[in-house]
Amino acid sequence: MQRFRTVATRAVTIAFDDIDTDQIIPARYLTTVDRAGLGGHLFHDWRYRGDGEPTPEFALNRAEAEGARLLIAGRNFGCGSSREHAVWALMDHGFDAVIAPSFADIFRKNALRNGLLPIRVEGEMYTACLEEAASRAIFTVDLKNNVVTTPARTIPFRIDPFARNCLLEGLDELSYILRHDDAISAFETSNPSGSSIIPPRPARGGH
Amino acid sequence: MPANRPRTLYDKIWDSHVVTEGEGGVSLLYVDLHLVHEVTSPQAFSGLRRRGLKVRARDRTLATADHVTPTRSLNIAAAGELAAKQLRSLEENCEEFGIRLYTMGHEYRGIVHVIGPELGLTQPGQMIVCGDSHTSTHGAFGALAFGIGTTEVEYVLASQCLLERKMGNLRVECEGRLRPGVTSKDLILALISKIGVDGGVGHVIEYAGPAIRGLSMESRMTICNMSIEAGARAGLISPDDTTFEYVAGREFAPTGAEWDRALDRWRTLPSDPGAPFDKTVSLDVSGLEPFISFGTNPSMAIPIRSRIPDPAAIADAVEREQVVRALKYMDLGAGEPVIDQKIDVVFIGSCTNARIEDMREAARIFRGRTVSEGVRALVVPGSEQVRREAESEGLDQVFTEAGAEWRLPGCSMCLGMNGDHLAPGQRSVSTSNRNFEGRQGPGGRTMLGSPLTAAAAAVTGRVTDPRDLLRV
């Protein structure tokens, strides 16, 4: 995973509550075996009409959205399907962070594991973010100091310290998990749920 | 901690799966069962290959093909070029890494959350994960089961473990007893409409109370399945004799002395009296009517004999705007009765409602009736086993004689990845779990209901109270 670096950017606002991952990336674009290349389908059915032409009023299609790396969304962002493709599509499009009053649990975890920063901002501070975005302010997202700053405001945010450390260091959780190999083996020996469930088939090619 | 502190079912499963307590409240948990399917796994296998890692516990990993599989033919080419490539990729990955796979043509293939339980893989007290949000289904057995993203699929393949922070614990107390013609699907839609699509965020739900105790395992699975639609990654039900009777004798269930030991362990799982919950919600189900959704998320659901909400009567501006948008998308009129709204398609299937009991419920309505002119009705069993059982009971005949299409198992029109989808503007009544915009196809309009409600709509061509056809 790439280290999360401080970013200064304008913001795009799609401030609906409960934006589900089917809107972020419709299921028909999940028939891929790669992570890359999903940005073109981001918010596809809101972004394009049935005939494939862009929907002019949709936030991502407006001229001011060009190059924005921060998305401001409504409450419970990323609800529904667990598809990590939603995070890949947002990042492939160029987003580094999302500000919302709350996030769906699976989306938040997926985002953190890919380096897309989910920033929870509520109440007056959230309203302020919407206003600043509308006035095309530059937002600086600074994970080192846990703040988003605009010319007018400093907005502190909280984030899981373990995830924060992984993001700042560009650390992969799997490397951390695999360091506990002995503990995992010890657990397997004494697992109360039994030792094995499915008779395995042989692996091919040296795995 | 003191040994005698009363614990919830969630506490007990959590405690028994902690490999190590990590830094800052993050624990490493062991996964007993990892279910894999074609859509969310290819990038995880690529990751393993890149890192030179193998699958740690092949005896705890099972793959099936379900999301993009064709339902008219066993030939994977029938689902389209990209879908076929994804299915071939799953076959190659499972062969290379040594994972048991139920692919097209296998007698046990089916929707991942249908086959786990029916094969006896899903057992009380387990920790189960899958790259699919409806993994919550398995919680009906008193297993801690939740959906994960593809990066975590890779972690579990490599290590059989996940880093987790403990969630809150929400108890949903269901009083009373469902009336005839009212199902567990109606119960869960009623609950989601009450607590909202984010009512369970940050929590694991435990469903309890006499209304839950009286339900079959299949009905319980429908409830736990839709926990994620209330924002909860996992839904749990304490195991009881109904659970044990369901598991006993299934393909991968323990046998002999192992069964006795398992049973002793499983009986200790239910939440202790007085165990603390972070939140409790009560729902009296005695007066419940069949529920149907009118909007574009599962909380926008109402009793079938009531009227579609009028946004003008909604005080909260954000919620009002959401309903305005939803009604416009659904092409439904504010304040109109939901009953008699015209529909084009009926889909009976999905991990929510495609088990044998759902097929039997649908057949109760279809028997001796015909699908309304101009309506297309699809009945898609959840697995090959469900298909065979339904056919041995003659249910397929009931469906096809009524004019419905009897298809091969798969996720099908729940998410429309395999070629089964709504045309723009079509309205469906569907037994699936999500009525999001475009979920069943771009521009498609989904109304969620039980198998009874869906079948009733198929034969009348309109939203219909199934109790009128059942004469209950």
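The values are calculated or read from the model by the stated rules, or taken from the named source; none is laboratory data. No experiment lies behind these values; they were computed from the predicted model shown. All Cβ positions, even for glycine, are placed from backbone atoms using ideal geometry, and neighbour counts span all protein chains on display.
Selection of segment B:58-70 for residues being part of a loop (DSSP other than H, G, I, E, B), within 8 Å of chain A (Cβ to nearest Cβ) and touching a strand residue (DSSP E or B) at 6+ places or on another chain (Cβ under 9 Å) yields an empty set. When segment B:19-48 is limited to residues that are free of Cβ contacts under 8 Å to residues at least 12 places away in the same chain and within 10 Å of chain A (Cβ to nearest Cβ), the one that is nearest to the chain's Cα centre (by Cα) turns out to be B:SER46.
Would you be able to tell me the number of residues in segment B:413-441 that are within 22 Å of B:SER184 (Cα to Cα) and either out of contact with any helix residue (DSSP H, G or I) (no Cβ under 8 Å at 6 or more places or on another chain) or among the aromatic types (Phe, Trp, Tyr) (or both)? It would help to see each step written out before you state the result.
Quick first cut of segment B:413-441, residues within 22 Å of B:SER184 (Cα to Cα) only: B:413-415, B:428-436.
Still in the list and also either out of contact with any helix residue (DSSP H, G or I) (no Cβ under 8 Å at 6 or more places or on another chain) or among the aromatic types (Phe, Trp, Tyr) (or both): B:413-414, B:435-436.
Total meeting the criteria: 4.
Counting the residues of segment B:97-112 that are surrounded by fewer than 16 Cβ atoms within 10 Å (Cβ to Cβ) and under 17 Å from B:SER46 (Cβ atoms) gives 0. Residue-level analysis places A:ALA152 among those that are in a loop (DSSP other than H, G, I, E, B), touching an Asp or Glu at 6+ places or on another chain (Cβ under 9 Å), free of Cβ contacts under 8 Å to residues at least 60 places away in the same chain and more than 10 Å from chain B (Cβ to nearest Cβ).
Which is surrounded by 24 or more Cβ atoms within 10 Å (Cβ to Cβ) and over 25 Å from B:ARG109 (Cβ atoms), of B:THR464, B:THR460, B:THR431? Reasoning before the result, please.
On the way: B:THR460 fails: surrounded by 24 or more Cβ atoms within 10 Å (Cβ to Cβ); B:THR431 fails: over 25 Å from B:ARG109 (Cβ atoms).
Every option except B:THR464 fails the conditions.
Quick one: would you say B:SER193 is within 16 Å of the chain's Cα centre (by Cα) and either under 24 Å from B:ASP465 (Cβ atoms) or more than 10 Å from chain A (Cβ to nearest Cβ) (or both)? When the stated conditions are applied, B:SER193 does not pass them.
Do we find that B:GLU154 is surrounded by fewer than 24 Cβ atoms within 10 Å (Cβ to Cβ), outside any loop (DSSP other than H, G, I, E, B) and in contact (Cβ under 8 Å) with a residue 24 or more places away in the chain in this structure? No; evaluated as a whole, the condition is false for this residue. Among the numbered criteria (1) under 17 Å from B:PRO270 (Cβ atoms); (2) within 19 Å of the chain's Cα centre (by Cα), which one does B:GLU173 miss? So B:GLU173 meets the others, but not (2). Among the conditions (1) out of contact with any strand residue (DSSP E or B) (no Cβ under 8 Å at 6 or more places or on another chain); (2) in contact (Cβ under 8 Å) with a residue 12 or more places away in the chain, B:SER271 misses just one, which is (1). Reported count of residues in segment B:255-265, each being over 18 Å from B:LEU119 (Cα atoms) and either within 11 Å of chain A (Cβ to nearest Cβ) or among the charged types (D, E, K, R) (or both), is 4. What number goes with the only condition from (1) out of contact with any Lys or Arg (no Cβ under 7 Å at 6 or more places or on another chain); (2) crowded, with 17+ Cβ neighbours inside 10 Å; (3) within 14 Å of another protein chain (Cβ to nearest Cβ) that B:PHE366 does not pass? The one condition B:PHE366 does not meet is (3).
Against the numbered list (1) surrounded by 18 or more Cβ atoms within 10 Å (Cβ to Cβ); (2) part of a loop (DSSP other than H, G, I, E, B); (3) not polar (S, T, N, Q), B:ARG305 comes up short only at (1). On the stretch given as segment B:71-96, residues that are among the charged types (D, E, K, R), more than 8 Å from chain A (Cβ to nearest Cβ) and either surrounded by 20 or more Cβ atoms within 10 Å (Cβ to Cβ) or part of a helix (DSSP H, G or I) (or both) total 4. What tally of residues in segment B:314-329 results from selecting those that are more than 11 Å from chain A (Cβ to nearest Cβ) and in a helix (DSSP H, G or I)? Qualifying residue count for the region: 6.
Does A:PHE77 satisfy the condition of being aromatic (Phe, Trp, Tyr), under 25 Å from A:SER135 (Cβ atoms) and crowded, with 24+ Cβ neighbours inside 10 Å? Yes, satisfied. Just checking, does segment A:110-122 include any residue being among the basic types (Lys, Arg), in contact (Cβ under 8 Å) with a residue 40 or more places away in the chain and not in a helix (DSSP H, G or I)? Checked against the condition, which is being among the basic types (Lys, Arg), in contact (Cβ under 8 Å) with a residue 40 or more places away in the chain and not in a helix (DSSP H, G or I), segment A:110-122 yields no hits at all. Screening B:LEU162 on (1) in a helix (DSSP H, G or I); (2) out of contact with any Cys (no Cβ under 6 Å at 6 or more places or on another chain) shows it passes everything except condition (1).
Somewhere in segment A:93-109, is a residue facing another protein chain (nearest Cβ under 9 Å) and assigned to a loop (DSSP other than H, G, I, E, B)? Yes: segment A:93-109 contains one or more residues that are facing another protein chain (nearest Cβ under 9 Å) and assigned to a loop (DSSP other than H, G, I, E, B). For segment B:400-418, the criterion of being crowded, with 17+ Cβ neighbours inside 10 Å and of a type in the set (Val, Ile, Thr) is satisfied by no residue at all.
Could you look through segment A:60-85, keep only residues that are in a helix (DSSP H, G or I) and touching a strand residue (DSSP E or B) at 6+ places or on another chain (Cβ under 9 Å), and pick out the one that is farthest from the other protein chains (Cβ to nearest Cβ)?
At the first step, the residues of segment A:60-85 found to be in a helix (DSSP H, G or I) are A:60-61, A:63-65, A:85.
Then drop every residue that is not touching a strand residue (DSSP E or B) at 6+ places or on another chain (Cβ under 9 Å), which leaves A:60-61, A:64-65.
Values: A:LEU60: 16, A:ASN61: 17, A:GLU64: 22, A:ALA65: 21 Å.
My answer is A:GLU64.
For segment B:197-227, the set of residues classified as in contact (Cβ under 8 Å) with a residue 60 or more places away in the chain, of a type in the set (Val, Ile, Thr) and away from chain A (no Cβ under 14 Å) consists of B:THR222, B:ILE223, listed by residue number. Note on segment B:92-114: residues that are free of Cβ contacts under 8 Å to residues at least 24 places away in the same chain and under 20 Å from B:GLY419 (Cβ atoms) amount to 0. Kindly establish whether A:VAL87 is farther than 23 Å from B:ARG439 by Cα, of a type outside the set (D, E, K, R) and free of Cβ contacts under 8 Å to residues at least 40 places away in the same chain. The answer is no for A:VAL87. Of the residues that make up segment A:168-184, is at least one part of a loop (DSSP other than H, G, I, E, B), under 18 Å from the mean Cα position of the chain (by Cα) and under 30 Å from A:ARG62 (Cβ atoms)? Within segment A:168-184, none of the residues are part of a loop (DSSP other than H, G, I, E, B), under 18 Å from the mean Cα position of the chain (by Cα) and under 30 Å from A:ARG62 (Cβ atoms). When segment A:13-59 is filtered for residues that are among the small types (Gly, Ala, Ser), closer than 22 Å to B:ALA326 by Cα and either modelled with pLDDT of 95 or more or in a helix (DSSP H, G or I) (or both), the ones remaining, listed by number, are A:ALA27, A:ALA59. Being at pLDDT 95 or above, surrounded by 24 or more Cβ atoms within 10 Å (Cβ to Cβ) and within 9 Å of chain A (Cβ to nearest Cβ) is not true of B:ASP186.
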